[in-house]
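Report on one structure; see the data block that follows.
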Amino acid sequence: MLHFSRSKIISICAISIVAMFLALPNLFSDQKISNFPSFIPSQKVNLGLDLQGGSHLLLEVDTDSIEKEKIEDLTFDLRRMLKKDGIKYNNLKVIDDSIIFKITDATLVSGLVKNIKELSQSTSQNAVSAQSKSNLEIDINNDLINVSLTDDYLKQISISAVNQSIEIVRRRIDELGTREPTIQKQGTSRILIQLPGLDDPERIKSLLGKTAKLTFKLVDQKASYDPSNPTKAPVGSEILSSDSNSEFKYIVKKKVMVGGENLVDAQPGFDSQTNEPVVNFRFDRIGAKKFGKVTKANIGKPFAIILDNKVVSAPVIRDAILGGSGQISGGFSAEEAADLAVLLRAGALPAPLVILEERSVGPDLGADSILAGKIAALIGFIAVIIFMVLVYRSFGFFADVALILNLIMVLGILSLLQATLTLPGIAGIILTIGMAVDANVLIFERIKEELRSGSSVINSVDSGYKRALSTILDANITTLIAASILFFMGSGPVKGFSVTLAIGIFTSVFTAFTVTRLMVSIYISKMKPKELRL
Amino acid sequence: MNIFSFAINTKIKFLSFRKPAFVLSMALIISSILIYSINGLNFGIDFRGGTLIEIETTETENLGNLRRSLNSLNLGDVQVQEFGSPKNILIRVEQQAGGDKTQQNVVNIVKAELNTSLNSDVNFRRTEVVGPKVSAELIKAGVIAIIVAVFAMLIYIWFRFEWQFSLGAVIALIHDVLLTLGIFSLLQLEFNLSIIAAILTIVGYSMNDTVVVYDRVRENLRKHRKKDILDLLNISINETLSRTIMTSVTTLLALLSLYIFGGSVIKGFTFAMIWGVLVGTYSSIFIAAPLLNYLEVKRDWSTSGAVESTQK
């Protein structure tokens, strides 16, 4: 175990030097690194949000609300169809995602089923490509008809809603110019957002909390709001609250005249007369055409601008607006106008998002944690180094060299893999300092035993290494098992801990059997000690 | 003679203490379970849901007043405590009724109240909000992780040694985990995600220690076919004793440094680790090894030499 071939020595040195190179950038500021010659790597350890400050948000797409909306749409279409076909029905109600009703003339059932199936083709077209398979499940029991959406279809719309949500979340966050956001899908209906450097995510949270569904509807001028009967609206109309004052109600026609999906641009600005912050918007060709038509036909009438089911404002149409651009005013502050413009440009979310988890760390705390971690690591490191030399003398010094190299390698590998270093990750490194010497301790103790049993120095060292090997492997594999379970089951910071722990296990075993052993072997062959004082 | 060369050629009869050690451990385990069933664990928001806000103030604030004003916000139980220094305050608000959607308002309400009721400028150092869905999942994942880890160890040791070793090692592991839960319950230290990480590391560390002792036991079983098992276990523990102490000391040196200098956020984690190293070292010597005496470990290793290439 003491002989090293030349090629082995060279590769051990090469690996050590490569590790140092990889770890090097971490000692310098970003600015200095940019001046480095190109052969020196520039990747630093990636700091976790708990160290550099930042915000972690876990959102869930409320897919239930989409299903509900789909059922509502279907109910609306179904009623219209039944009315158009002159089929008499009663007791139409929605129970647990299915529409149940009775028809008075049971003989019409077969024709009805065909018509409902056609209805399903039309409902599918905007969500997923119309397939030959129906999206509807129709259950008939004499005159009792039960219509519901198939599970496959519900799954499809929820998948596409989640993907669409991720896209829109990305657009909204990009609009705010946050640096290096990470937006990932997690599980089936969750979105994980990581925003480094952002310690107060209130603005982003409020932006993500809005679906931003914009619609233009006509105000129902024939009806007036009756506070004693707050839910009663004429057929075809609905009661909506004002955005600025929830006490104030509007009665608007249910029919959407133009929708936000036709917007091509929205920018914050100021009204030329009142100097009030507003949002200027522009429609695409179809939207402009619709908008022109409505405004032309309804001059003098109020036109409600509705965001997320709340009336932002309801200005009276003075002229036909044919150019396809308009202005929304609603008593905004400049920031509110800017945010609304962002929301309108990014588009509406297909479903509301619910924040399941938030973890935000301010940059101060992160910096404090890094400093505390550095101090703890340094002191722990020095303590272990001194202790090793006191106990094992020159061999302790060899182990200490390996320990230093070990730390450099951990840093180098973290930089290379671009793994994230978290606060528990720093704890993992410090723990590694303590445990890294274990391999060398096992070897040295074995050598001591061999010496005591009367073997020569060379034989003792040689068999000490040989016999400690299987113990070291067994002992470290158990820790490695624990670390990998942490990696697969843990989240965020805890994952960072398992990564540094696992890397530390590999490097400590590696350095014990290469670097320390090489030094020991050189020491023995050059100094030819008659006895070892371990 | 080097004064730091300790534990050489010791002949301590560890196995003579096996009965008092078992009694002590059983007593500790039973009291851990009792304390746990009375006190429960002081779950952090990771597992209980709720909101945690850490602030730094420019002036030293009166925590009593702050506690009163925050508790009058109708947010349920609000805990206010100093965190590391008098100007650092940790505020915990219990989970709100009404599912995930209602948790988010708490942050805004508390922040507004802090900005009006405190005299100082407030620096929000940390905000964590965990809703009921996520906290339930985190508990589940944590429990599964520990069970999977212990099970994986059981399989690995079984594979590398014999079932007696694997059973002995796992009993020692469960002992360590239960005592860790016990101390957290007794001292009502916050039990959060990082403590699960600490427990898993303890599992790894304690196993590491046990494996080193077991490895030597196996070697000695091959070397001394006829020797009394108690003597053989004593020899094995003594032979590995200096290593056991060395590694515990270096690990504790690093952990103590982290405990003292590593900052408040990570104190609970480090405490659990320090406790785990102590308990793990004890259990390797006084529980795991003596258990082999009772589990009737196989004596004739002549045929199973294939498991491990025979040395010497």
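Just so you know, all these numbers are worked out from the coordinates, no wet-lab data involved. What you see is a predicted model, and the numbers here were worked out from it, not measured in a lab. Please note: Cβ atoms are built from the backbone with ideal geometry, for glycine as well, and neighbour counts cover all protein chains shown.
Tabulated results
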quantity	calculated
Helix B:132-160 vs. chain B, principal-axis angle (Cα, 0 to 90°, nearest 10)	10
Residue order, fewest to most surrounding Cβ atoms within 10 angstrom, among B:158, B:163	B:163, B:158
Per-residue HN-Hα couplings for region A:233-249 [Karplus 6.51, -1.76, 1.60; θ = phi - 60°; Hz; x = Gly/Pro]	10, x, 4, x, 10, 9, 9, 10, 7, 6, 5, 8, 9, 5, 6, 8, 10
Separation between Cα centres of region A:481-534 and region A:295-340, rounded to whole Å	68
Interchain or long-range residues, amide H under 5 Å from residue A:327's placed H	A:281
Listed residues A:186, B:205, B:229: farthest to the positive end of the dipole of the protein assembly as shown (Cβ charges)	B:229
Above-threshold pairs, the threshold being 18 Å between Cα atoms, out of A:448/A:530; A:232/A:253; A:210/A:289	A:210/A:289
Pair residue B:112, residue A:10: separation of 7 Å Cα→Cβ label points (nm)	7.3
Label-to-label distance, nm, for residues given as residue A:228 and residue A:276 (7 Å Cα→Cβ offset)	3.3
Point-charge dipole on Cβ atoms (K/R +1, D/E -1) for region A:143-248, about Cα centre, debye to 20	260
Fewest-first sequence of B:25, A:29 by Cβ atoms within 10 Å of each Cβ	A:29, B:25
Distance between modelled label sites at residue B:33 and residue A:92, nm, 7 Å Cα→Cβ extension	6.3
Pairs of lysines in region B:74-219 (C-alpha under 27 Å apart; 8 or more residues apart or interchain)	5
Computed E for residue A:264/residue A:319 - FRET, C-beta separation, R0 25 angstrom, nearest 0.05	0.70
With Cα atoms, 0 to 90° folded angle of helix A:334-346 axis to chain A main axis	90
Estimated [θ] at 222 nm from DSSP helical runs (n ≥ 4, -39500 (n - 2.57)) normalised by residues in chain A, nearest 500	-17500 deg cm²/dmol
Residues in region B:37-55 reached by a label modelled at residue B:77 [backbone nitrogen below 19 Å; 7 Å Cα→Cβ]	B:37-54
Backbone HN-Hα couplings from phi across region B:17-29 [Karplus 6.51/-1.76/1.60, Hz, Gly and Pro as x]	8, 4, 6, x, 5, 5, 4, 4, 5, 4, 4, 5, 5
Summed side-chain charge close to residue A:26 - residues other than residue A:26 whose Cβ falls under 12 Å, Lys, Arg +1, Asp, Glu -1	+2
Exposed-loop-free span, longest in chain B, where GluC sites (Glu not before Pro) count as exposed if DSSP calls them loop and at most 16 other C-beta atoms lie within 10 Å	B:95-295
Per-residue ³J(HN,Hα) for region B:180-189, Karplus 6.51 cos²θ - 1.76 cosθ + 1.60, θ = phi - 60°, Hz, x for Gly and Pro	5, 4, x, 5, 5, 6, 4, 8, 6, 6
Exposed chymotrypsin sites (Phe, Trp or Tyr not before Pro) absent: longest stretch of chain A, with sites in DSSP loops and at most 12 other Cβ within 10 Å deemed exposed	A:249-534
For B:249, A:316, B:93, order by how many other beta-carbon atoms lie within 10 Å, fewest first	A:316, B:249, B:93
Cβ charges +1 (Lys, Arg) and -1 (Asp, Glu), total dipole of chain A, debye	1180
Degrees between helix A:63-85 axis and first principal axis of chain A (Cα, 0 to 90, nearest 10)	20
Cβ-placed point charges (K, R +1; D, E -1), dipole of region A:214-324 about Cα centre in debye, nearest 20	620
Cα centroid separation, region B:223-240 to region A:389-404 (Å)	31
Region A:1-35-region A:246-264 distance, computed between alpha-carbon centres (Å)	65
DSSP-defined antiparallel bridges as percent of all bridges, region A:214-324, nearest 5	90
